[in-house]
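Contents: one structure, followed by commentary.
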Amino acid sequence: MIKNVIFDLGQVLIEWKPINLLRNFTNNEVDIHLLETICTSDEWERLDEGTITKQEVLENVSKRLPSRLKNIAKKFIYHYAEYLVLNDDICEIAMKLKENGYHIYVLSNTDEADYWEIQKRYIGKYIDGYLISAQEKMLKPNRKIYLRLFEKFNLKPQECFFIDDKEDNIIGGQKLGMEGHVLNREKYGTIELLKDFEKYGIKYERE
């Protein structure tokens, strides 16, 4: 029986569209598309992994950007999390699950800034615990991060259900006995997710 529902952050509980975030720092579309490469860089992945600092990210990516963009890049790297937008439909699902007695956790490949920001938002009070890649120095789908999740919160994999936007991350959990759902909000909204809730006996609607 499922007792715990684990949510990813980017493209699950929060919107992850760097272009939209960058529009809070500049309205020059050419510059926005140049700056967007920060979020697909090796340095950004290492930031999520907790093996590089924001200052090191800035120093490295600045070498590949026009000098006029260094200040904007700095503001973005240090302050983007303040402009994150919640996916209210998924947050509502998390809140209803919590009200129905499920424990709610976050497992995310992300920098600590997202973690600190999400705790301030309305969804924060519904979350029982967080496992953040930058703090653990490992990324999904490394099996060790799932084992760390189970250990940290004393969870049984077969009692957990994981929601993530990447199939590899769901498969990583399934290999250890945790079922899950690959979320594609833009294509399906929440329809397919709620079907999987029914399939796995997860009580969603308030009685």
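A few points about this structure:
- Just one residue in the set 77, 90, 118 is closer than 16 Å to residue 19 by Cα and either assigned to a helix (DSSP H, G or I) or not assigned by TED's automatic domain parsing to the domain that holds residue 140 (or both); that residue is 77.
- The residue that is farthest from residue 13 (Cα to Cα), among those in region 168-196 that are in contact with a Lys or Arg (Cβ under 8 Å, 6 or more places away or on another chain) and buried (at least 16 other Cβ atoms within 10 Å of the Cβ), is 172.
- Counting only helices (runs of 4 or more DSSP H) that fall entirely inside region 15-55 and contain at least 3 residues that are over 18 Å from the mean Cα position of the chain (by Cα) and either surrounded by fewer than 19 Cβ atoms within 10 Å (Cβ to Cβ) or in contact (Cβ under 8 Å) with a residue 12 or more places away in the chain (or both), the qualifying elements are 29-35.
The values are calculated or read from the model by the stated rules, or taken from the named source; none is laboratory data. Treat the numbers as computed from the prediction; the structure is a model and nothing was measured. All Cβ positions, glycine included, derive from the backbone under ideal geometry; neighbour counts span all protein chains shown.
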